[in-house]
Amino acid sequence: MNKTLILIFLTLFISCHNNEDKKERPNIILIVADDLGWNDLSYMGSKYYQTPNIDKLSKSGMIFYNAYASAANCAPSRASMLTGKFTTEHEIYTVGRSDRGNSKTRKLIPIKNNTILDLKYFLIPEMLKSQGYYNGHFGKWHLGPKGFHPEQNGFDVNIGGHKKGSPGKGGYFSPYTNPKLEDGPEGEYLTDRIGDEVIKFIDKNQNKAFFAYVPFYSVHTPIQSKKEYQQKYSDINGDENHNRPDYAGMIQSLDENVGKILNKIEELKLSEKTLIIFTSDNGGIRSISNQFPLRAGKGSYYEGGIKVPLIFSWKRKIEEKSESFERVTNIDFFTTIKKIIGYENENLELEGLDLNPIFEGENLEKRALFFHFPIYLEPYNVQKDNGTDPLFRTRPGSVIIKDNWKLHHYFEDNSLELYNLEKDISESDNLSKINQEKTNELLNELNTWRNNRSAPIPNQINTYYDQKFVDSLLMLIHNKKMNGRIKSM
């Protein structure tokens, strides 16, 4: 080989090597709390809950004040986050059956719900694994039975992830009833155990690129705190919205274990090599922790059900104490991580936007957020939920949010609700009849989106529907003679 060819070869080799070096390979820690409400954190304004470690994380990076889950309850939100696709793609709309609530109160036959995230979908951990990452799953999976667990979806380690969406009969204290989690010492607290397992994983893999997906079970029901924490908050005055000592104790344990993770990253001097994302899978349960001024809670597509806390932190890459009011969603995580690591497959057909421009001080391109839920969700508490009506947190419908406008479209009676979120974050003043131009504009865009995705819309009449029965229930509720759930029949 002559000198000219050698020089050309070396130039090409060095160029390719330099291009490879330019690709970021940060460790990635994705922490997802379960049912944690938008303002259930002290950095988000709570005067009762104490979250010093999550507050510290918020100051180390960027807070998003208008972040949304992709769905109002856990399974669909997690499926969309991990696939980067809307619920209309994987067809997981809820947990379990879609005909929730009393059959006499449903006007339509809802669309059948899928409960398994098919292995055909390419997930965030699979993308990272293809780029040399070592992946650990710690906590709640809830996307399918055996054969569809984290091990089949790109994770090398799985601690606690199986088909169940709650801690199970054993609750938050060992011995557990989790086939993917060995029992700890009697009385061990589940949130502490998950935190400890994450620390072990980071210690063991500190010299390689790793992905730690940490979907804590907390603060999902059952509401079980350590006794000493519950006692602590019993001695602290809450307010009309945040006042449950046992729930506050659960949040403190969650915060402490986020702190463990942050401290380990700092101890190992990995802060500049680690992207940390913190969020919740959906809104909080309103009867447990009211998200005022947001309306409703988990299971509802009013703001209280889908608006969530969100923090992105990466030392020297994301400015400390920075804030964003852009409307973003957990579907954006996949696209954002893909850009960061330089993954080059452009055929994934991801639905989210790359959030990296926000970290560089730029604005996102204009877009709308969409939510589709052709199903029913019964109430948690008929007096407190403040959902579509006392009988349901959610009736079948769709939602579009664009700029500061939000349109609800419900299928039973083709009803519309329009809200200006900038002026009416509580969604109390329906402007659909007053501002018909904006209503029609958003409805047309929503219809186009649904048509392009062949979004299923229920149209089959439920013959068991009984208007007299509904009227009698509503009268009991009005007279406050009924509380809690309304059982299915």
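The values are calculated or read from the model by the stated rules, or taken from the named source; none is laboratory data. Since the structure is predicted, the reported quantities are computational estimates derived from the model, not experimental observations. Note that each Cβ is placed from the backbone with ideal geometry, even for glycine, and that neighbours are counted across all protein chains shown.
Below are the figures for this structure:
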read-out	value
Options SER432, SER454; residue that is surrounded by fewer than 16 Cβ atoms within 10 Å (Cβ to Cβ), touching a residue at least 24 places away in the same chain (Cβ under 8 Å) and either farther than 23 Å from PHE371 by Cβ or hydroxyl-bearing (Ser, Thr, Tyr) (or both)	SER454
Which listed residue is surrounded by fewer than 24 Cβ atoms within 10 Å (Cβ to Cβ) and within 17 Å of GLY139 (Cα to Cα), from GLU256, GLU267	GLU256
Sole residue being surrounded by 22 or more Cβ atoms within 10 Å (Cβ to Cβ) and part of a loop (DSSP other than H, G, I, E, B), chosen from TYR176, TYR213, TYR217, TYR233	TYR217
Cross-chain or 6+ apart pairs with Cβ under 9 Å, region 326-352 first and within 17 Å of GLU126 (Cα to Cα), then among the hydroxyl-bearing types (Ser, Thr, Tyr) and assigned to a helix (DSSP H, G or I)	ILE331/SER80; ILE331/THR83; PHE334/THR83; TYR343/SER130; ASN345/SER130; LEU348/THR335; LEU350/THR83; LEU350/THR335
Selection count where residues are part of a loop (DSSP other than H, G, I, E, B) and either over 18 Å from the mean Cα position of the chain (by Cα) or surrounded by fewer than 18 Cβ atoms within 10 Å (Cβ to Cβ) (or both), scope region 220-230	6
Count - residues of region 77-96 that are touching a strand residue (DSSP E or B) at 6+ places or on another chain (Cβ under 7 Å), closer than 11 Å to GLU351 by Cα and not polar (S, T, N, Q)	1
Members of region 352-394 found to be of a type in the set (D, E, K, R) and closer than 30 Å to ASN102 by Cβ, listed by number	GLU378, LYS384, ASP385, ASP389, ARG393
Among residues of region 460-471, those that are assigned to a loop (DSSP other than H, G, I, E, B) and touching a Leu at 6+ places or on another chain (Cβ under 7 Å), counted	2
Test: residue in region 331-351 that is of a type in the set (Val, Ile, Thr), within 30 Å of ASP99 (Cβ to Cβ) and in the same structural domain as GLY305 (by TED's automatic domain parsing)	yes
Flag for LYS321 being of a type in the set (D, E, K, R), surrounded by 15 or more Cβ atoms within 10 Å (Cβ to Cβ) and in contact (Cβ under 8 Å) with a residue 60 or more places away in the chain	no
Unique match (being surrounded by fewer than 22 Cβ atoms within 10 Å (Cβ to Cβ) and under 30 Å from TYR93 (Cβ atoms)) among GLY187, GLY238, GLY171	GLY171
Residue within region 230-245 that is closer than 30 Å to GLY136 by Cβ, modelled with pLDDT of 95 or more and hydroxyl-bearing (Ser, Thr, Tyr) present	no
Odd one out for GLU272, checked against (1) in contact (Cβ under 8 Å) with a residue 12 or more places away in the chain; (2) assigned to a loop (DSSP other than H, G, I, E, B)	(2)
Residues being in a loop (DSSP other than H, G, I, E, B) and farther than 16 Å from TYR217 by Cα - total across region 275-287	2
Single residue of GLY238, GLY249 found to be part of a helix (DSSP H, G or I) and over 20 Å from ASN73 (Cβ atoms)	GLY249
Candidates ILE159, ILE199, filtered to the one that is in the same structural domain as ILE54 (by TED's automatic domain parsing) and either out of contact with any strand residue (DSSP E or B) (no Cβ under 6 Å at 6 or more places or on another chain) or under 28 Å from SER46 (Cα atoms) (or both)	ILE199
Residue that is nearest to LEU364 (Cα to Cα) [pool: residues in region 51-62 that are touching a strand residue (DSSP E or B) at 6+ places or on another chain (Cβ under 7 Å) and surrounded by fewer than 22 Cβ atoms within 10 Å (Cβ to Cβ)]	MET62
Enumeration of residues in region 341-366 that are surrounded by 14 or more Cβ atoms within 10 Å (Cβ to Cβ) and part of a loop (DSSP other than H, G, I, E, B)	TYR343, LEU348, LEU350, GLU351, GLY352, LEU353, ASP354, LEU355, LEU364
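This table checks each residue for (1) within 13 Å of the chain's Cα centre (by Cα); (2) hydrophobic (A, V, I, L, M, F, W, C); (3) under 21 Å from TYR48 (Cβ atoms).
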residue: LYS273; (1), (2), (3): no, no, no
residue: SER280; (1), (2), (3): yes, no, yes
residue: ARG286; (1), (2), (3): no, no, yes
residue: PHE292; (1), (2), (3): no, yes, yes
residue: ALA296; (1), (2), (3): no, yes, yes
residue: GLY299; (1), (2), (3): yes, no, no
residue: TYR302; (1), (2), (3): no, no, no
residue: VAL308; (1), (2), (3): yes, yes, yes
residue: SER313; (1), (2), (3): no, no, no
